[in-house]
Structure formats: structure tokens, C-alpha cells
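To start, the structure under review is shown below, and the notes come after it.
The values are calculated or read from the model by the stated rules, or taken from the named source; none is laboratory data. Worth saying up front: this structure is predicted, and the values here are computed from it rather than measured. Here the Cβ positions follow ideal geometry from the backbone for every residue, glycine too, while neighbour counts run over all protein chains shown.
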Ligand code: LMR
């Protein structure tokens, strides 16, 4: 029997991330090659014509899995019946701006949205935007609100693969802790590489602690800014692809023995203050994520986990002050 289509909302769909993301969803990259989809695309009125152009292109591409397209500037129409929401729309960060500079722009925008079941926030400051969305939807379980740090996770995999000259698909279990910002902590202490003689620890293979604790971390933390500097636009191809990875694994599950990084509602594990959207290592089964527990955290890592938690606590206070 044919599967029922899943309705996927993309906000900011006429923007550059939206433009890269919607064809991936329509092609089955996000939900698999057998899952029909109906795309709900929302954007602001000044982008209405461009949004209609994206709809025309989706029709022209004749995607077999795409069973319908809603393109609208009306929030209620966009959100009706939606199963998965990817919140891409947000005020874009420009060169030289920090997360907090765009926060007040976004908080105002998000408060009008009706909320569907599984939510991924991409728009920065992604962690705190997800937290604010959760505040506006007390009837929706907090587990349904997540933010994108899979982009940072994938960036870390990419850097290790380049450094070791191995296939990126053979590297796994890096962790991004904390905020999707320059205070995030990309941690490879539990990461491994598949080799002919079994799985090997990344720190052992790299054998350069100074690089792993220095340049590697800085590259991943500042990659977003480096892309903005190079393209004069923020990352779109990698952001869209990572958003697909995030939803794909959340809905369809993570491979055995592998975890991914997701910004999720913290419950106090790893002594991260409860009540933040904080990136943690997670596995997924049957549409539910679970934090990987019991990983050892050394003293240096502890400081880094705390530092990014402090920034998120400050962002949270700032966001609430914008709301009042
Ligand atoms: C990124 O990480 O590429 C995006 O979140 C853009 C940014 O502001 O860094």
C-alpha cells in the first residue's frame, strides 16, 4: 500500500538555505526514497513572488515523491496539518555580527507560529530560538524541539577525515557540546575511525594533542564565520544537507553504535543546567532521541562544557527580556 505523504514545513523557504533544502526534501534525502512528501513553504510577504518561483521550479523538477506544494505567506495556512517543521527563516547573520545581535529580530517573528510535531530550528541563534518556540507551545512535549548542531558535527567529521586522509563515512562519534556558536565544544575524545584492523580512537590516530585541542576546535567553532567571509553569504549547501541528516536520523534512527549531535532540551545530564537547548550526543529510535549517557568528561572538557552552557544561560535571559 502507498505510504501517506508526510507534510514538511520549511519557513524562510525562498531564502538561500530554503532554496537548497526543498529539493533535497522533495528528492527523498530527508525521509527516505519511499516516503512521499507534501512541502509547506512559508516566507514573509516581500518574498512572496520569489517563493512562487521556487514552487514553479519544484513543479518543473517533477519529483516523483512530491505530492503537493503549499507556498504561502500565511502562518496558519503554512502550519496546518504539518508533521515536521524546519525553521530556517530568521534574520540572517552578517559579517561581524554575533548571535545575540540577531536574537531580538527572531524572537518577535517566532511568537506567531503555530506549532507542529517535530521541530528543527536552523535560524540563529538556533538553540535559544528553539527554547523560545517551546515556551510558546506548552502543549507540545519539550522533546519535540531541537536545533541544528549536526552541521557542526559534520564539520568536525570533515576536518578529521581530511587530517587523517580517511573516508568521512569511516569517522564517527564526534560530539558537539553546547551552543551552535563560537563557544561550542567540538570533542573527539570518544570518536573513532574504521580501519582494516578494526575501530581506532581518533586521538590515537591523530597523535597531535595540540592540534586537537587548538586548531581543530577553532576551525569547527569558526567555520560558519569563515564561510560567510568567503561567500559573503552564510552556509546553505552544508546547512541544508545537515538539516536533512538531523531529521533523517531522528525519524529513521541512528545506525547501531553511532551517535549524532543534536541541540535538545537539557535535563541535567552531564551537569549541564536543565532547561536549555544544548547540543548533546544522542541516539535515535522510532522517532525519539535519547542522550548517550556515561561518557567520561576530563577536566579540560568540563570547563568547555560549562563555558558554552554559560553563554546559553545568558542568551536565554536575553531572549526572555526581548519577550517581556
Ligand atoms: C553556520 O554555522 O554556518 C551558520 O549558522 C551561519 C552562522 O551564522 O554561523
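Numbers below:
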read-out	value
Scan of region 16-46 for residues that are modelled with pLDDT of 95 or more, buried (at least 17 other Cβ atoms within 10 Å of the Cβ) and closer than 23 Å to residue 233 by Cα, ordered by number	16, 17, 18, 19, 20, 21, 22, 23, 25, 41
Condition broken by residue 85, with the remaining ones in (1) within 24 Å of residue 238 (Cα to Cα); (2) in a strand (DSSP E or B); (3) at pLDDT 95 or above satisfied	(3)
Scope region 225-236; condition touching a residue at least 12 places away in the same chain (Cβ under 8 Å) and within 9 Å of the ligand (Cβ to nearest atom); matching residues	225, 228, 234, 235, 236
Residue that is surrounded by the fewest Cβ atoms within 10 Å (Cβ to Cβ) [pool: residues in region 290-318 that are within 12 Å of residue 271 (Cβ to Cβ) and under 20 Å from the mean Cα position of the chain (by Cα)]	305
Residue ranges of strands (runs of 3 or more DSSP E) in region 148-198 with at least 2 members in contact (Cβ under 8 Å) with a residue 40 or more places away in the chain	175-177, 185-187
